[in-house]
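A.B. asks: The structure is given below, and queries will be raised subsequently.
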Amino acid sequence: MNKHHLLKLLRLVDWPKKLIVFTMLLAIVTAVLGLSIPILTKNVIDAFSTETLEMTAVFWLAAVFLLNAILGGISYYMLRYIGEYTICCLRDKMWDHVLRLPVRYFDQHETGQTVSRLTGDVSTMNSFVSQEVPDFLTQILVVIGAVVMLFVQDWQLTLAMLASVPVLMLVILPVGKFTYAISQKTQTEMARFIGMLSRSLSEIRLVKSHSAENKEYKRVMGSVQDLFKLNLKAAKIQAIVSPVVMATIMLILLVLVGYGGLRLANGTITPGTFVAVVFYLVQAIFPITAIVTFFTQYKATAGATERLYEIYAMPQEEMNVNDTPSPLKEGKLAVQHLSFAYNEKQPVLKDVSFTVKPNRMMAIVGPSGSGKTTLFQLIERMYETPVGAITYNGLPIMELPLANWRKVIGYVMQDSAVMNGTIRDNILYGIEDEEEVEESQMIAYAKLANAHDFIVSFPDGYDTEVGERGVKLSGGQKQRIAIARAFMINPQILLLDEATANLDSESERMVQEAMYKLMEGRTTIVIAHRLSTIRDADQIVFLDKGEVTGIGKHHELMQTHAKYRDFVREQSLKDQQDVS
């Protein structure tokens with residue numbers, strides 16, 4: 001990994017160039033005013049010594065001092081504004097990028113770790129860009145100007161000061177290496193810590209139902225202790241470096257002031273010049289602490305953002321969204337010699353082929369683990385299809401604009417996802433402009449989904465908060481909201497993944513009724529176990545260990561497919577048990 005990933009991330013920012021130029025000019029003016037104060041002070045002091053003091057000199061000193069303070073405040077605010085704008089823009093770019101990463105990325109990385117990168121790592125950048133960079137830019141201007149003015153006032157003293165710079169570098173340079181390494185480890189451990197927190201809290205009911213609080217506590221506390229040790233290491237380095245740097249600066253300043261005082265005693269410089277030189281020495285040396293902090297923080301930020309840049313470097317899904325996406329022409333959906341594996345060692349689908357005609361229903365049945373849900377994931381293009389093809393109306397779906405393709409699909413899962421928010425939010429989820437949806441239309445679709453009656457039974461109706469992951473709703477209620485959501489997007493293709501599994505008989509009946517209404521006039525593929533659903537299918541595909549071992553209608557497979565007959569008997573027994 002290139003160590004300049006921080007700079008690469010900053011290149012993503014849409015910089016406000018005119019504002020930056022204006023702010024830098026303002027900073028230069030502020031620095032010039034600050035550098036003129038010692039000269040004006042020199043004039044006042046020298047006038048005192050010659051007993052020719054005029055109030056004009058005092059007035060100009062006071063006026064420049066006040067103007068410098070005002071412009072300095074404005075300049076600092078503008079620099080902070082640019083810094084905060086930079087981080088805002090970077091957060092925008094990163095969030096947009098993460099949302100468009102392929103599902104395979106989320107299979108391989110814990111959600112909490114990704115959240116940590118987007119919060120902790122960006123916060124580290126925020127501290128650097130919005131605070132350290134403005135300080136650095138301001139101080140570097142002051143240091144350069146002060147050195148120039150020192151040369152004008154006393155070149156011998158200036159050379160003596162510059163000779164002390166290598167001494168400071170010997171103290172500063174080794175710090176960066178240690179800071180970079182510790183920052184990397186700290187951010188990695190922080191990501192692991194947040195990942196564990198997220199995993200435990202998202203499944204808190206599982207934790208409590210198994211009385212696993214102590215286990216989770218011990219597991220997370222191990223990470224807490226590691227973070228504690230890493231932060232202590234960083235504190236030790238800072239505790240050693242800060243006093244050493246400050247002591248070195250004070251020693252250098254003391255030597256230089258002593259040398260200047262000696263020259264004053266010899267009469268080679270005036271009292272005013274001596275005071276001006278002392279001012280310039282302070283202006284030149286003390287900002288070095290801010291510059292040291294800048295380089296130390298730069299190393300820390302570079303270490304913290306290495307993983308952040310790795311995320312940004314990952315390829316996105318090819319969305320290819322048109323400004324005015326045209327609807328896809330309805331046609332048959334064909335799967336042709338499709339093979340797929342999550343990893344090379346274990347193929348999930350092997351040479352799968354079948355065709356679903358428009359407005360027909362196909363049922364996919366088979367034992368658990370045979371690849372049925374994976375097939376749905378491939379149809380939705382959650383994963384690429386390296387072997388074989390899926391076509392719609394004769395066109396490979398991999399060549400269709402991804403956003404357009406997903407808009408024609410309605411997917412109702414076995415445990416349909418419900419977002420934290422209101423019932424209204426969840427029904428309208430995925431609608432680009434919710435304000436254009438009429439209330440009567442949403443209610444009509446909720447009625448078709450058999451959801452309206454239970455929704456209005458809540459005190460807040462459609463504005464009822466459902467809680468995290470829909471915890472305030474039953475399984476049947478969540479399924480009916482998912483079906484209402486599918487009605488809202490009006491899909492051409494329906495994918496129903498055992499949508500009535502794990503429901504009580506009354507909820508199943510209502511969900512089943514809603515599903516049949518939704519399937520009318522649409523191409524539908526159903527992963528099903530219920531015999532009632534299977535018998536109603538126009539075609540049945542039997543999937544076993546990732547391979548299609550039979551295709552036909554119910555009565556055909558009953559005659560020709562032994563495993564299908566066994567499957568039907570098992571489901572018949574289960575249905576009878578459910579009824580009893």
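A.B. asks: How large is the dipole of region 5-313 about the Cα centre if only Lys and Arg carry +1 and Asp and Glu carry -1, each at its Cβ, rounded to the nearest 20 debye?
C.D. replies: So the dipole magnitude of region 5-313 works out to roughly 1180 debye.
A.B. asks: Can you give the angle from 0 to 90° between the axis of helix 271-285 and the longest principal axis of the chain, with both taken from C-alpha atoms, to the nearest 10?
C.D. replies: 20 degrees
A.B. asks: Which cross-chain or sequence-distant (5 or more) residues have an amide H under 5 Å from the amide H of residue 421, H modelled 1.01 Å from N in plane?
C.D. replies: Under 5 Å from the amide H of residue 421 lie the amide H atoms of 466, 467, each far enough along the sequence or on another chain.
A.B. asks: Nothing charged except the Cβ atoms of Lys and Arg (+1) and of Asp and Glu (-1): what's the magnitude of the dipole of the chain about its Cα centre? Round to the nearest 20 debye.
C.D. replies: Here the size comes out at about 1620 debye.
A.B. asks: Sticking with this structure for a sec: Just to check I understand the Karplus step: with θ = phi - 60° and J = 6.51 cos²θ - 1.76 cosθ + 1.60, what whole-Hz values come out for region 400-412, glycine and proline as x?
C.D. replies: 7, x, 4, 4, 5, 5, 5, 5, 8, 10, x, 10, 10
A.B. asks: Here's something else I'd like to know. With a 10 Å Cβ neighbour count serving as the proxy for reagent exposure, in which order, fewest first, do 376, 295 appear?
C.D. replies: 295, 376
A.B. asks: Multiplying the sequence separation of residue 104 and residue 506 by 0.36 nm and subtracting their Cα-Cα distance, what value in nm do you get?
C.D. replies: 141.0 nm
A.B. asks: Positive end of the charge dipole of region 5-313 (Lys, Arg +1 and Asp, Glu -1 on Cβ, about the Cα centre): tell me which of 122, 246, 143 has its Cα farthest that way.
C.D. replies: Looking along the dipole axis, the top candidate is 122.
A.B. asks: Continuing with the same structure: Counting DSSP beta bridges in the chain, what percent are antiparallel, to the nearest 5?
C.D. replies: Antiparallel bridges make up about 55 percent of those DSSP assigns within the chain.
A.B. asks: Which residues in region 71-88 place their backbone N less than 17 Å from a point set 7 Å from the Cα of residue 19 along the Cα-to-Cβ direction?
C.D. replies: 74-88
A.B. asks: Amide H to amide H under 5 Å from residue 544: which residues, 5+ apart in sequence or cross-chain, H placed 1.01 Å off N in plane?
C.D. replies: Close amide H contacts, sequence-distant or interchain: 549.
A.B. asks: Still on this structure: Which label belongs to the value computed from this structure, given these candidates for Kirkwood radius over Cα pairs in Å: (i) 25.2; (ii) 30.0; (iii) 26.2?
C.D. replies: So the calculated entry is the one marked (ii).
A.B. asks: I need the phi-derived Karplus couplings for region 371-376: 6.51 cos²θ - 1.76 cosθ + 1.60, θ = phi - 60°, integer Hz, Gly and Pro marked x.
C.D. replies: Listing the rounded values in order: x, 5, 5, 4, 4, 4 Hz.
A.B. asks: Still on this structure, please answer the following. In the chain, if the dipole is taken from +1 on Lys/Arg beta carbons and -1 on Asp/Glu beta carbons about the Cα centre, which of 521, 278, 113 is farthest to the positive end?
C.D. replies: 278
A.B. asks: With each label point set 7 Å from Cα along the Cα-Cβ vector, what nm distance links residue 560 and residue 159?
C.D. replies: It is 10.1 nm.
A.B. asks: Sticking with the crude label model, points 7 Å out along Cα→Cβ, report the distance from residue 32 to residue 214 in nm, one decimal please.
C.D. replies: 7.3 nm
A.B. asks: Multiply the residue separation of residue 420 and residue 551 by 0.36 nm, subtract the distance between their alpha-carbon atoms, and state the gained length in nm to one decimal.
C.D. replies: Length difference between fully extended and current span is 43.1 nm.
A.B. asks: What net charge is computed for the residues neighbouring residue 110, neighbours being all others with C-beta under 9 Å from the C-beta of residue 110, Lys and Arg scored +1, Asp and Glu -1?
C.D. replies: +2
A.B. asks: Next up: If I model a spin label as a point 7 Å beyond the Cα along the Cα-Cβ vector, how far apart are those points for residue 44 and residue 532 in nm?
C.D. replies: About 9.4 nm separates the two model spin labels.
A.B. asks: Return the equivalent ellipsoid semi-axes of region 5-313 as a descending list in whole Å, where each equals the square root of 5 times an eigenvalue of the C-alpha gyration tensor.
C.D. replies: That gives 50, 23, 15 Å for the three semi-axes.
A.B. asks: Can you work out the FRET efficiency for the pair residue 229 and residue 332, with r the C-beta to C-beta distance and R0 = 60 Å, to the nearest 0.05?
C.D. replies: 0.45
A.B. asks: From the backbone phi of region 140-152, what are the Karplus-calculated ³J(HN,Hα) couplings (6.51 cos²θ - 1.76 cosθ + 1.60, θ = phi - 60°) in whole Hz, Gly and Pro given as x?
C.D. replies: 5, 5, 5, 4, 4, x, 5, 5, 4, 5, 5, 4, 5
No value in this document is a laboratory result; all are computed from the given coordinates. Since we're looking at a predicted model, the values are computed, not measured. Cβ coordinates were reconstructed from backbone atoms using ideal geometry, including for glycine residues, and neighbour counts include every protein chain displayed.
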